[in-house]
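All remarks here apply to the structure that follows.
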């Protein structure tokens, strides 16, 4: 590729004559004017002309030019059929993105336009919210590539903000009891379902009576688009059947029996938590609480992953938080070896000629006994995760069941 000017001006002088390009392709020379005196712009134009010439020579099919507004509407309609929880979110995000960068053809949108939107949006909401909205835009352009409307997505060069995604809000047993006693019937049942079986809010609201099995619930409309089964206790299943609307939805409302919008339930739940004194608690915190309680009770991470519907164990790490008592017990496992005492603090009157048997007995009492999780049978582990009320799910299920019996 060569850029040159067809004038007699001095080489060091800046003239207003246009740059010309010249390149060879398959032993054939191509040249033409860029119609600009700016060298950087002329270089970009020449590269584009070279790409167009190569596509024409190789008979490559050029995608049909589609405007952003047209594709955004098509993507929103597709997303609404696939995931009901994105009924309003995707349209709202894409509308704001369209207003920021303008309605231009898809092949003219670059990473610069997305970065400009990201910077302006970060001034209005938090960076974690920008990352979630960025996923919507990323999915929009990914579908454009799959549908043959775009060759390369501009989102490949756009990176999300680096934020701390670890959410540490986990409810204590007393807070769980206070929450369930203060919630109305519908919100309390939604909270109980999330605590015991770890479904997302959109998954709970879309439950139907035919989705309930003898000891499980089939979640059809999931975040990943793949249906899964989650175990249910007999007490929870009876409550769900008793609360079901005649339309078939468990949480249907009104004459039509359709479930409420996810945003409305989130707002109502947040307001109620502030009224009863549980600041910073959202419905999503119940998934953190349930997953953390299961892991603390000895349930296998693989089983908790299947129940909650997380794609990887790395995603589960964001939800399963160790308790303070568990961490304190962990650092005292070897105190008998390091200090020779059960508590880890040696006394002044302690004799130097202590017998080895004393240290061995101290280790035996300090070290937590290992309890097998019996993961050889996944079905047994799934059942154990929610039905072993007396020993396994002590942080959650006994509280819920005692309240239901009362």
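Some observations on this one:
- The percentage of C-alpha pairs in the range 75-217 whose separation is greater than 26 Å is 45%.
- Principal semi-axes in Å for the range 15-147 [√(5λ), Cα gyration tensor, largest first]: 37, 20, 11
- Label-to-label distance, nm, for residues given as residue 302 and residue 329 (7 Å Cα→Cβ offset): 2.4 nm
- R0 of 60 Å, Cβ-Cβ distance residue 47-residue 234: FRET efficiency to nearest 0.05: 0.35
- Paramagnetic label reach from residue 65 (point 7 Å along Cα→Cβ; backbone nitrogen cut-off under 15 Å): within the range 87-123, residues 103-109.
- Using R0 = 60 Å, the C-beta based FRET efficiency linking residue 54 and residue 186 works out to 0.45.
- Computed from the C-beta positions of residue 22 and residue 104 and an R0 of 41 Å, the FRET efficiency is 0.85 to the nearest 0.05.
- Taking 0.36 nm per residue of separation and subtracting the Cα-Cα distance, full extension of the segment from residue 122 to residue 314 would add 66.5 nm.
- Taking label positions 7 Å along the Cα-Cβ direction at both residue 29 and residue 159, the computed distance is 4.5 nm, reported to one decimal.
Read the figures in this text as sums done on the coordinates, not as results from a lab. The shown structure was predicted, so the numbers you read here are calculated from the model rather than taken from an experiment. For neighbour counting, all protein chains shown are included, and Cβ atoms are generated from backbone atoms with ideal geometry for every residue, glycine included.
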